Amino acid sequence: MITADQLKDVQERTKDLNRYLEIDKKRIELEEETLRTQAPDFWEDPERAQEQMKKVKGIEKWIKGYDNCNSLSEELSLAFDFYKDELVTEEEVDAIYTKALKAIEDLELMNMLRQKEDPMDCVLKINSGAGGTESQDWAQMLMRMYMRWAESHEYKVTISDLQEGDEAGIKSVTMKIEGGEYAYGYLKSENGVHRLVRVSPFNAQGKRMTSFASVFVTPLIDDTVEVYVDPSKVSWDLFRSGGAGGQNVNKVETGVRLRYQYVDPDTGEEEEILIENTETRKQLENKNNAMRLLKSQLYDRAMKKRLEALAKIEAGKKKIEWGSQIRSYVFDDRRVKDHRTNYQTSDVDGVMNGDLDEFIKAYLMEFPVTEEQ
């Protein structure tokens, strides 16, 4: 049975949500933005109309989230009183408390996602490390893990490019995760090197082996974000798409390879950005998709420079090292541990089936970056 202090905690956190989410202000804003959608010429510009509808739904989500928390808080308060009169059981009160606490924590977590990029869709790329078949198999396991996470949160996953492994697994994969809110905000926590320790099924001696794979997550920008691409630094190669897709897939050069000669604006160093896209059977669509992926990468580089500048200024805060080893998956010991937050779990199967929410939450609580920064 919950205590009076636990009830008070739920009530106070609900009040705090009302205050720092500015719910009253959001209700007025919702009315104003909804009125815009009722204009007679609203759908004459479908693209602009869709953006407006997205804005309305975004405000609605905050209000509905808070209203749900408030409703559960009031329900818990009543149940707590009813228990004294023996009108509800101890189990029923605890069940409402668990539900209320989860709703509050979910909304508090969403409030941590305040960067401009956080609500965007994202591009997630996995590269296998050195180690041949073992690391390529690990990369494929990670691909499945992220696909399961995305499906459980009702995101759409599209594979833009896939390089099969020599014997098993994959060398690399690029996936677009879209169709919902905060895909980038949540998955930015996955940037870095993921380490696997297990008895390898590919080793005849049954030795314990360590494998690595790197994960890169970038926001998938849309047409509303301006990113300059120097056309003089762009070149294209065409090739026949391989892999599944039917007999026709290899007959036409629909695959595209975009090369961009990137120059770092701070150091002047040059680097070739290479993007391949075999997403569709239409060359023009693949070119457009590749260009969008390039813009997302350029935007991401600029964003990370901004974050690095913030990290230098805020010397008192922990620094986030992009690309460092972030998490170990030790199958024999039944342990998955995040080295940045020290959060760990023994539910290895759950994690590999996409149960990453607690890792994501721990990261966002440890490294909050808000729009005010």
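The values are calculated or read from the model by the stated rules, or taken from the named source; none is laboratory data. Keep in mind the model is a prediction, meaning the values are calculated, not measured. Note that we place each Cβ from the backbone using ideal geometry, even for glycine, and neighbour counts take in every protein chain shown. Just so you know, the surface numbers come from the protein's heavy atoms only, side chains and all, with ligands and any DNA or RNA stripped out. Shrake-Rupley method; radii C 1.70, N 1.55, O 1.52, S 1.80 Å.
With axes computed from alpha carbons, what is the tilt in degrees of helix 133-152 against the longest principal axis of the chain, rounded to the nearest 10 within 0 to 90? For helix 133-152, the angle is close to 40 degrees.
Taking other residues whose beta carbon is less than 15 angstrom from the beta carbon of Leu258, and scoring Lys, Arg as +1 and Asp, Glu as -1, yields -2. Relative protection proxy for 13-25, 147-159, 260-272, 126-138, from highest mean packing down: 126-138, 147-159, 13-25, 260-272 (other beta-carbon atoms within 10 angstrom).
Contact order, relative form, for region 1-66: 42 percent (alpha carbon pairs under 8 Å, 6 or more residues apart, mean separation divided by residue count). Based on the reciprocal of the average 1/r between different C-alpha atoms, the Kirkwood radius for region 68-180 equals 17.6 Å. The calculated P(r) of region 6-56, using every Cα pair and 5 Å bins from 0, goes 4, 18, 19, 14, 11, 10, 9, 7, 5, 3, 0 in percent. When Val227, Val351 are compared by accessible area at a 1.4 angstrom probe, the order from most to least is Val227, Val351. DSSP beta bridges confined to the chain are antiparallel in about 90 percent of cases.
Entry note, the chain: relative contact order of 15 percent, from Cα contacts under 8 Å with a spacing of 6+ residues. P(r) tail, region 133-214: Cα-Cα pairs separated by more than 19 Å, 43% of all pairs.
Any idea what diffusion coefficient the chain gets from Stokes-Einstein, in µm²/s, Kirkwood Rh on alpha carbon pairs, 4 °C, 1.567 mPa s? My calculation gives 55 µm²/s for D. The long axis of helix 46-84 is offset from the longest Cα principal axis of the chain by roughly 40 degrees. Distance from the C-alpha centroid of region 14-87 to that of region 103-142: 28 Å, rounded to the whole angstrom.
Based on DSSP H segments of at least four residues, each scored -39500 (n - 2.57), the chain has a per-residue ellipticity at 222 nm of -15000 deg cm²/dmol. Mind checking the angle between helix 23-36 and the chain's longest principal axis? C-alpha axes, 0 to 90 degrees, to the nearest 10. So the helix axis and the longest Cα principal axis differ by about 60 degrees.
Its Cα centre serving as origin, the chain has a Cβ charge dipole (Lys and Arg +1, Asp and Glu -1) of approximately 1400 debye.
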